[in-house]
Amino acid sequence: MSVQFYLFLLINGLSLGMLLFIIASGLTLVFGVLRVINFAHGSLYMIGAFLAYSLSLLMTGGSLFSFFVMLLVVPPLIAVIGFVLEYTLFRRIYRAEHLLQLLLTYALVLILDDLVRLVWGGDPRNVTRPEFLAGSVSFFGMALPTYNVFILCIGPAIALGLWLMLYRTRAGNLMRATVSYPDTLGALGVNVSWVMTSTFMLGCWLAGLGGVLMSSFANIDLAIGMEKIIECFAVVVIGGLGSVGGALLGSLIIGVGITWLPVLLASVGVQEASRWALVFPYAMMAVVLIVRPWGLFGKPER
Amino acid sequence: MQLEVQAINTFYGLSHILFDVSLEVDKGQAVVLLGRNGAGKTTTLRSIMGLTPPKTGTVKFQGWDITGMVPFKVARLGLGFVPEDRRIFPDLTVKANLDVGRTRGNDKSVKWTYERIYMHFPRLKELANRRGGHLSGGEQQMLTIARTLMGDPTFLLLDEPSEGLAPIIVRDLGNFIEVMKKEGITILLSEQNVKFSLKHADRAYIVDSGHIKYQGSIEDLEKDDEVKKRYLAV
Ligand SMILES: Nc1ncnc2c1ncn2[C@@H]1O[C@H](COP(=O)(O)OP(=O)(O)O)[C@@H](O)[C@H]1O
Ligand SMILES: [Mg+2]
């Protein structure tokens, strides 16, 4: 295999990783502030993808306009669903034991996934890419999908936006203060419940954005929620729970790993290489948990 | 009467901590709540703030019944709380810690701006970009008071501010308490440091095992060696 080919795969892997980051950053943000791992995050991402699909049917396929409408409408809709879930369910379990939190979010996974099945059925769907992103750019003689390059640019923009929000705005200060001492923050006159609700909504917005981007990236079906939540979980464990920077690094590692490994393994003669590559996220997670249990960017628990 | 606490009983789970505690603070006064370790000072202040709401009794602030009100609403009425353990947000810079206390947003009527805080605490200005977790005890104490002031309270609950501070810092703290008094901020202070309290307070209460055992003017307490010996470690 040529160096160019691996470079090509690297870029595809990075764009996959960026897509993963957009979703995983929401999961890690919610965990960081609310201390709950929302396993239903993947289901919300899937709902976002299917909503984008339904919306695309109402408009001219492949138009720039419809792509923008999807990007503008779907993530806020998922954030609103997040608002309802947080207000009615999640805020009751922040101080509960982990088992209860796990049961609630897992129950939500089952409910939401079945809802998707009811509404959209089991067939795989896809959304036509907008024309200007549908082609490919030539890269060392190989055709690199423009859409992948696009996602490769959106990812860092989201990372930068999140960083600025967390470290340069009052909203970010409030979120980071909530992580340490919510009661103290409340006594300072801050409505901490609202900070938590907003954080949860932002996390869901990111899941929705990931869903929209995914709907034009590859086929979507009923399995993508579960598939993505597992990858996201691996990402946040590798990067460190609650760390957005860690989620970025973790996503890129996973994205590049699952793109590279099948080729790499096949080239050294491993049978069924793509199946072996599926193990990669878990293997990485296991290695990190053994070597550095709090993740690459995380901090040991107090 | 700006603050009126009437016969409150407060519990941590099943353990009864405060027994019919009553106290009153007039506008503009500085009142000290003295007592040994574990006497119930922190619990009293937390009960007023709504952090550990009393089971019975009432807390009135400026005529409003605030018993059982959530802390952020109590704070927005003008009651500021400065925790004993300082609770500086470790991952936030000094400036961000102050920002978080600035609950009135861009309200033009605010008295405590960054400039004024930095004028009184030049050290905080030097440290503006340092993370809260990397401050000394004295710096943390100044920051925790400054952070609460950013919300422009008219009434300040100060929980054992002199605890664990070097004598020079305690003197600075005393000077700043005088500044706040001049600004017209009412203060309810909890302390074990009798000398410090006698210097800055107008009136005193003594709490022991969750009961109020003494109340009176500072002058009377100063003369009352019997009471001081009985309830305070002097
Ligand atoms: N979170 C808590 N749970 C149970 N008991 C507590 C708690 N906090 C304080 N106490 C008890 O309440 C009593 C009063 O404590 P506190 O108000 O902190 O006293 P002080 O501030 O005067 O030192 C003590 O006996 C202490 O052991
Ligand atoms: Mg105390």
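Read-outs: derived from the displayed coordinates by stated rules, not from any lab. This one's a predicted model, so the numbers in the text were calculated from it and none came from an experiment. Here the Cβ is made from the backbone with ideal geometry for all residues, glycine too, and neighbour counts use every protein chain on show.
Sorted by mean Cβ packing within 10 Å, highest first, what order do the peptides A:201-208, B:15-22 take?
Ranking the peptides A:201-208, B:15-22 by packing returns A:201-208, B:15-22.
Starting at the first residue of segment B:52-65, write each ³J(HN,Hα) from the Karplus equation 6.51 cos²θ - 1.76 cosθ + 1.60 with θ = phi - 60°, in whole Hz, x for Gly and Pro.
Each residue's phi maps through the Karplus curve to give 10, x, x, 6, 9, x, 10, 10, 10, 10, 6, x, 7, 7 Hz.
Mind checking which helices in chain B clear 15 Å along their axis (Cα) and have mean Kyte-Doolittle hydropathy of 0.0 or more, DSSP H runs only?
Helices meeting the span and hydropathy rule in chain B are B:167-182.
Find, among the chymotrypsin sites (Phe, Trp or Tyr not before Pro) in segment A:94-128, those assigned to loop by DSSP (not H, G, I, E, B) with at most 16 other beta-carbon atoms within 10 angstrom.
Counting only loop positions with at most 16 other Cβ atoms within 10 Å, the chymotrypsin sites (Phe, Trp or Tyr not before Pro) in segment A:94-128 are A:94.
For residue A:254, what charge total do you get from the other residues with a beta carbon under 15 Å from its beta carbon, if Lys and Arg give +1 and Asp and Glu give -1?
Its environment carries a net charge of -1.
Averaged over peptide B:74-87, how many Cβ atoms belonging to another chain are found within 10 Å of each residue's Cβ?
Shielding by partners across B:74-87 averages 3.
Which FRET efficiency, nearest 0.05, do residue A:114 and residue B:230 yield, Cβ-Cβ r, R0 56 Å?
Efficiency, from the Cβ-Cβ distance: 0.20.
Scan around residue B:205 for amide H atoms under 5 Å from its own, H built in the peptide plane at 1.01 Å from N, and keep only partners 5 or more places away or cross-chain.
Those lying under 5 Å, H to H, from residue B:205 are B:32, B:33, B:34.
Report the per residue volume, in Å³, of the convex hull enclosing the C-alpha atoms of segment A:110-217.
164 Å³
Let me know the Rg and Dmax you get for the protein assembly as shown when you use only its Cα atoms, in Å.
That works out to 28.7, 95 Å for Rg and Dmax.
So how many Å³ per residue does the convex hull of the Cα atoms of segment B:82-153 work out to?
78 Å³
Using the structure shown, select from B:55/B:213; B:41/B:181; B:73/B:223 the pairs with a Cα to Cα distance greater than 31 angstrom.
From the list (B:55/B:213; B:41/B:181; B:73/B:223), the Cα-Cα distance tops 31 Å for B:73/B:223.
Which percentage, to the nearest 5, of the DSSP beta bridges contained in the protein assembly as shown is antiparallel?
60 percent
Give a residue-ordered list of calculated ³J(HN,Hα) values for segment A:240-251 (Karplus: 6.51 cos²θ - 1.76 cosθ + 1.60, θ = phi - 60°; whole Hz; x for Gly, Pro).
x, 4, x, 9, 6, x, x, 5, 5, 4, x, 5
Evaluate peptide B:50-59: per residue, the Cβ atoms of other protein chains within 10 Å of its Cβ; return the mean as an integer.
Mean shielding count: 1.
Can you compute 3J(HN,Hα) from phi for each residue in segment A:188-200, using the Karplus curve 6.51 cos²θ - 1.76 cosθ + 1.60 with θ = phi - 60°, rounded to whole Hz and x for Gly and Pro?
8, x, 9, 7, 5, 4, 5, 4, 5, 4, 5, 4, 4
Looking at chain B, I'd like the Rg to Rh ratio, where Rg is from alpha-carbon atoms and Rh is Kirkwood's inverse mean 1/r.
0.95
Enter the mean number of other protein chain beta carbons within 10 Å of the beta carbon of each residue in B:89-100, as an integer.
The per-residue average across the peptide is 5.
Please report, in whole Å³, the volume per residue of the convex hull around the C-alpha atoms of chain A.
Measuring per residue, one finds 143 Å³ for the Cα hull of chain A.
What is the sum of charges around residue B:22, taking Lys and Arg as +1, Asp and Glu as -1, for the other residues whose C-beta is under 13 Å from the C-beta of residue B:22?
In short, -1.
Rounding to the nearest 10 and keeping the result within 0 to 90°, find how far the Cα-based axis of helix A:41-58 lies from the longest principal axis of chain A.
60 degrees
Identify which of A:189, A:82, A:62 has the largest mean-square fluctuation in a Gaussian network model of chain A, with springs joining Cα atoms closer than 10 Å.
Judging by the Gaussian network model, the answer is A:189.
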